[in-house]
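Right, one structure below, let's go through it.
The values are calculated or read from the model by the stated rules, or taken from the named source; none is laboratory data. None of the values given here were measured: they were computed from a predicted structure. Here the Cβ positions follow ideal geometry from the backbone for every residue, glycine too, while neighbour counts run over all protein chains shown. Accessible surface areas use protein heavy atoms only, side chains included; no ligands, DNA or RNA. Shrake-Rupley method; radii C 1.70, N 1.55, O 1.52, S 1.80 Å.
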Amino acid sequence: QLKKLDQAVSAAHTFFVANPQHLQMREDIEKYRRMSGVKSDNFRDLEATPHWEAYETGVQHYNADEYPQAAARLEESLTEALSALEECRALCEGPLEDEDEDEEMQPGLYEAIAAHYIQVLKCRQQCVLEIATKPGRISATEDFIPSHLDLLQFAYDQVGNQALAAECAASYLFFYPTDEPMLEKMKQYRTELGEDTAVTVRESIQHYVQRSLMEKKLIYYAVEHLGGTFDDPDLWTPDELIPENLKEKHREDQEKQKQETLDVEEREKRGPLPFEGIAVTMDSHQMNGTQRVVFDRVLTETECKDLLRLTKAAGEAGDGYRARRSPHTPHERFEGLTISKAMQLAQNGDVDWRDVKLLLQASEKSRKIIESYFTPGKKLHFSFTHLVCRTAVDEKQEGRMDLSHPVHADNCLLDPEGQECWKEPPAYVYRDYSGILYLNDDFQGGGLFFTEMDAVTVTAEVHPKCGRLVAFSSGKENPHGVRAVRRGRRCAIALWYTRSQEHAEQERVKAEELFEQRAMEQDQPDGERQGADHSGRSSSELPHPSSGARPTSRRHKPGSDRTQHPKELRARDEF
């Protein structure tokens, strides 16, 4: 508004780098790019640190097969990162801070000195996480320092500089001495350079690793004999450095992770499903990924038509279900019906109770299928249920280049450039599995597709049809998007599941309780039913929190009136 375009562009670019899924900022960035007074230099990240700026540029060159430029920028990044690490370590020196209660030691001079020194050592160890965390994020990139050497080794090999490639390989092996692929490369470099040629580890890397190992040794000794805890930030810490009594827990964690992997592989070869007539059309192998599956014949044609009738009736009722601009694209209109909104419309007589019950039954059937396929014996809870329709705006389809829903992951923030997916808010980090139950196919476009982490390389596509259920794990292994709906109206039930009961969908619990209550009242003799009707709440009202239904206080803002009629509540909007 102040007409300071250079500062506006820099601010917008900085925000967008940290929030790549933000649709409005994406549009603002595109608008700035089209402005005549804006220069390419204005698109700079104000929060960028020198090493991250060089690292991301280097990775971009690397991915584009521009290896000389990649090597130059990655060398710059490594130098700057090690320098930033020293600055961080210096800031660890300072007065003793209050320790947590579970890390308190016996009072005394020597204990106080030990506690202070251990605190400084732990702080220094955590510095690698600080430099490995991209500005705007709260999660660090794993193996940040070793990954530089891995990339540099390959880049130098591609440009024909075997001496520097061997130096980087040897330096990488200082972190991971038993890494077989790198040992093979080292063998190749020695053959090419000659056995007499000395290949040495970089002095800066040797100093970094040896110092870090000495600090870890002291910290682990303190944890073993003086108490406390230590979260080792590095994946490359040698197993023999960890004390035996602490190593047991480490082994248990590894075994648990290994067993979960085996469980996943076993689930991929599952036997019969909990319902007859359902077919597995595509599994993970056919979809070129992990934990992906497509089921057919989950719904009949009649059931699809009844659910489509529910969307039509809800649209005519208007309240909360008006077609509005899609949150993802201006070329489509969007309609979404939640469980709570469907119940309210049924109470008002705007939709048929039987259609709402079918919505609950269809989504529950999908849950049982997905649970039996991916997590047999382990309960999956509904996280959110959304009956969604996307309608193409006919007059806005010409020259359209965008997607109906951009590529994303369901429980983490996808960062295609950094090849990361950050499992942190505002992502729905508690989601474990996702499902889409399609209701129709009489439209053009609107197919679901999966990609690699780059959000560009498509690995599988799923075409919607009545009764088709596609299910997949919600993490970074399954980035996905929806192609543009170019003509007609695409309707589906979007489903998300969680293992955490704490995040279970409370609207569904209330809805199921209400249906049970309605069934009981309809089974009563007429006289008893009339008496019940005169006693207060009608049979079609949602139960009051005090009537035994689960509390819904977390759905209200602090201080709000929790006794108001649920009809007054604003339906939760997933978008």
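Of all residues in the stretch 279-312, which are over 17 Å from A460 (Cβ atoms), of a type in the set (A, V, I, L, M) and surrounded by fewer than 18 Cβ atoms within 10 Å (Cβ to Cβ)?
A279
If you go through the stretch 379-391 one residue at a time, do you hit one that is farther than 29 Å from R499 by Cβ, modelled with pLDDT of 90 or more and crowded, with 20+ Cβ neighbours inside 10 Å?
Taking every residue of the stretch 379-391 in turn, at least one turns out to be farther than 29 Å from R499 by Cβ, modelled with pLDDT of 90 or more and crowded, with 20+ Cβ neighbours inside 10 Å.
For D239, all conditions in the list (1) open to solvent by less than 70 Å² (accessible area, probe 1.4 Å); (2) modelled with pLDDT under 90; (3) acidic (D, E) hold save one; what is the number of the exception?
Unmet for D239, out of (1) open to solvent by less than 70 Å² (accessible area, probe 1.4 Å); (2) modelled with pLDDT under 90; (3) acidic (D, E): (1).
Exactly one of (1) in a loop (DSSP other than H, G, I, E, B); (2) more than 26 Å from the chain's Cα centre (by Cα); (3) modelled with pLDDT of 85 or more; (4) surrounded by 18 or more Cβ atoms within 10 Å (Cβ to Cβ) is unmet by Y321. Its number?
Among (1) in a loop (DSSP other than H, G, I, E, B); (2) more than 26 Å from the chain's Cα centre (by Cα); (3) modelled with pLDDT of 85 or more; (4) surrounded by 18 or more Cβ atoms within 10 Å (Cβ to Cβ), Y321 violates only (3).
Residue-wise test of (1) within 33 Å of the chain's Cα centre (by Cα); (2) farther than 30 Å from V59 by Cα; (3) surrounded by fewer than 17 Cβ atoms within 10 Å (Cβ to Cβ); (4) at pLDDT below 95.
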position: C92; (1), (2), (3), (4): yes, yes, yes, yes
position: G108; (1), (2), (3), (4): no, yes, yes, yes
position: I118; (1), (2), (3), (4): no, yes, no, yes
position: I138; (1), (2), (3), (4): yes, no, yes, yes
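Could you tell me which of the residues T178, T229 is in a loop (DSSP other than H, G, I, E, B) and within 20 Å of F154 (Cα to Cα)?
Every option except T178 fails the conditions.
From the list D41, D102, D65, which one is over 27 Å from Q7 (Cβ atoms), outside the structural domain of Y156 (by the TED database), at pLDDT below 95 and open to solvent by 40 Å² or more (accessible area, probe 1.4 Å)?
Just a single option satisfies the conditions, and that option is D102.
Does D28 satisfy being part of a helix (DSSP H, G or I), open to solvent by 60 Å² or more (accessible area, probe 1.4 Å) and farther than 16 Å from Y156 by Cα?
So D28 does not fit the description; no.
Could you run through the stretch 476-503 and say how many residues are over 24 Å from Q444 (Cβ atoms) and open to solvent by 10 Å² or more (accessible area, probe 1.4 Å)?
So the answer is 8.
Here is a list: A492, A455, A471. Which entry is among the aliphatic types (A, V, I, L, M) and at pLDDT below 95?
A455
Got a number for residues in the stretch 395-425 being out of contact with any Gly (no Cβ under 8 Å at 6 or more places or on another chain), among the aliphatic types (A, V, I, L, M) and not in a strand (DSSP E or B)?
Going through the stretch 395-425 one residue at a time, the tally reaches 1.
Report yes if L218 is modelled with pLDDT of 85 or more, open to solvent by less than 70 Å² (accessible area, probe 1.4 Å) and not assigned by the TED database to the domain that holds K378, otherwise no.
Considered against the rule, which asks whether it is modelled with pLDDT of 85 or more, open to solvent by less than 70 Å² (accessible area, probe 1.4 Å) and not assigned by the TED database to the domain that holds K378, L218 comes out as no.
Evaluate the stretch 155-166: report whether one residue or more is touching a Ser or Thr at 6+ places or on another chain (Cβ under 9 Å) and either under 26 Å from A64 (Cβ atoms) or of a type in the set (A, V, I, L, M) (or both).
yes
Restricting to the stretch 39-61, what's the tally of residues that are more than 16 Å from E417 (Cα to Cα) and of a type in the set (K, R)?
Residues flagged as more than 16 Å from E417 (Cα to Cα) and of a type in the set (K, R) within the stretch 39-61 amount to 1.
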